[in-house]
Amino acid sequence: MKGQSSKTGSRLSLKLQYTFIFAGLMAGIIFLTLFLSSVFLPRYYRYSRLKDILGAYDMLVSMPQGDELYDNLDDLSLRNNVSTIILSEDSSVKYSSIKSERDLELVLLSIIFKNPLEAQEIEIVEEQEDYSIRICKTAGNEYLEMFGRLEGGNTFLFRTPLESIDEASGYAARFYLLTGIACIIPGAFVIYLVSRRISKPILNLSDISKRMVGLDFDARYEGRDAAEISLLGQNINTLSESLEKSISDLKTANNELKRDIEKKEKAAKEHSDFISNVSHELKTPISLIQGYAEGLKEGICDDSETREYYLDVIMDEASRMNKLVKQLLSLDQIESGDDIIEMQRFDLFEVIGTCLQTSSVLIKEAGISAEFNEEPGAFVWGDPYMTETVFENYLSNAIHYCKDVGDGKNIRITFVRYDKIIKVCVFNSGDHISDDQMPKLWDKFYKADKARTRAYGGSGVGLSIVKAIQTSLGQGFGVENVPGGVMFWFEAEGVSK
């Protein structure tokens, strides 16, 4: 990955790439032009001059061969850039396009009489029945000449100079090179500026894509450039939005899956703990019942008093198991939502008063002073049976954990009214509950003092039932350490009479 980053970082920027491509293209065009001109320009030049002289011949033979012929020869010579001379049959000059006609006359006479001039190099280009074309080099000059006979016996000569095309092409090559260099430098600068403008939105898109790789989808392309780049920017914006939504949906799905897995693991653990706790709670009473039943069967106890004791133990343990099973069934119904809540308007004072009256014997036997000074008329909305179950669990818990901390054993039931809510507080004198134990009190089968809980017949399910009922009713509940003891509380929706 590092090697790839290094390779990418060493590449030329888009601006420089455009600049070098343009400069290379211009240089290639210049050198191609120089090569083509050096190879083909001389040939093209000779071909053009040959075409001109053939054009002059075609015009000449198409003209009337009378006296009016000579009136048109000046125009013919000028138009085709040739020097023209016409001799009669007796070798006298009938027409010459230049004043120094003697030179042309001598050339034509040497051709007629086949007596070449000295210091001439002759190259035949084309030989026809009516004319002949040749290249003549003399005294450092080079000429393209065409001669032949006309109707009526006259002889003509066309002559046009062939300039030194090699020298001319050399000058042209140097000129092309200099002008090319002069064009490349400012052209490259202009291309650099133009490419910078073109590459700016592309670099912007590249930056946006890098941020997208880092899962940063806030960047948006807002340029209004060329249609293709603008369209690409819009597509990247759309892609960014789609990726953001897809990743968001994926994270949401992952979180939901994680929560589902955690719920399943928690449910599996709770199920395992439930089986373990139920087995533990039933193990002791079942062992006691089995042991005392075997003793009765084998006749270990001879007197009626011992038999009665054995039977009482069996009945107590059976009652304990029956109570535990009923509590578990009730808790399961409430937690699963199968228990039907019957919302009624009832007097909370009467419900609590009835519970206190029912438990008065236990309170008296435990030497507890119970105080409840509220007046009738505390009407609330709720399920009377469920509310009674909540208070009974609080009261049972208060009775069995009540201690004398210097002012006797005391239980106080008070109401706190606020915002159409009646808060029922159950206080018992005794030891405080440690902070680490408080959250666990509402867990099934949790016992802060297992030995003491077993002694009074508790199963650790009562407060779990309170939690389930109050949660299903949508009302608050809790426990607090207060001066001199502990206060459990629950809330109910108050109404006017």
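The values are calculated or read from the model by the stated rules, or taken from the named source; none is laboratory data. Computed from a prediction, not measured in an experiment: that's the story for all the values here. Because the Cβ atoms are built from the backbone with ideal geometry, glycine has one as well, and the counts that use them run over all protein chains shown.
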Quiz item: Looking at this structure, is S304 modelled with pLDDT under 80, in contact with a helix residue (DSSP H, G or I) (Cβ under 8 Å, 6 or more places away or on another chain) and either surrounded by 14 or more Cβ atoms within 10 Å (Cβ to Cβ) or over 21 Å from I465 (Cβ atoms) (or both)?
Solution: no
Quiz item: For L463, which of the numbered conditions (1) farther than 26 Å from Q344 by Cα; (2) hydrophobic (A, V, I, L, M, F, W, C); (3) surrounded by 18 or more Cβ atoms within 10 Å (Cβ to Cβ); (4) at pLDDT below 90 fails to hold?
Solution: (1)
Quiz item: Do we find a residue being within 17 Å of L362 (Cα to Cα) and in a strand (DSSP E or B) anywhere in segment 395-410?
Solution: yes
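Looking at segment 156-166, which of the residues that are modelled with pLDDT under 80 and not in a loop (DSSP other than H, G, I, E, B) is nearest to S38 (Cα to Cα)? Steps first, please.
Start the filter on segment 156-166 by keeping residues that are modelled with pLDDT under 80, which leaves 162-166.
Remaining after also requiring not in a loop (DSSP other than H, G, I, E, B): 165-166.
Details: I165: 10, D166: 8 Å.
That would be D166.
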Quiz item: Of everything in segment 123-143 that's at pLDDT below 80 and more than 27 Å from D75 (Cα to Cα), which residue is nearest to the chain's Cα centre (by Cα)?
Solution: G140
Self-check item: Test set (1) of a type in the set (F, W, Y); (2) modelled with pLDDT of 75 or more; (3) surrounded by 17 or more Cβ atoms within 10 Å (Cβ to Cβ) - F175 fails condition number
Solution: (3)
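Among the listed residues S62, S77, S37, S91, which satisfies the condition of being surrounded by 18 or more Cβ atoms within 10 Å (Cβ to Cβ), among the polar types (S, T, N, Q) and at pLDDT 70 or above?
On the way: S62 fails: surrounded by 18 or more Cβ atoms within 10 Å (Cβ to Cβ); S37 fails: surrounded by 18 or more Cβ atoms within 10 Å (Cβ to Cβ); S91 fails: surrounded by 18 or more Cβ atoms within 10 Å (Cβ to Cβ).
After ruling out the rest, the residue left standing is S77.
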Self-check item: Count of residues meeting criterion [assigned to a strand (DSSP E or B) and of a type in the set (S, T, N, Q)] in segment 126-155
Solution: 4
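V405 - would you say it is aliphatic (A, V, I, L, M) and farther than 22 Å from L463 by Cα? Please lay out each step first, then the result.
Details: aliphatic (A, V, I, L, M): yes; farther than 22 Å from L463 by Cα: yes.
Against the criterion (aliphatic (A, V, I, L, M) and farther than 22 Å from L463 by Cα), V405 qualifies.
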Quiz item: Given the structure, is F217 closer than 30 Å to I30 by Cβ and either outside any helix (DSSP H, G or I) or modelled with pLDDT of 75 or more (or both)?
Solution: no
Quiz prompt | Extreme residue, modelled with the lowest pLDDT, among residues of segment 409-446 that are surrounded by 15 or more Cβ atoms within 10 Å (Cβ to Cβ) and basic (K, R) | solution = K444
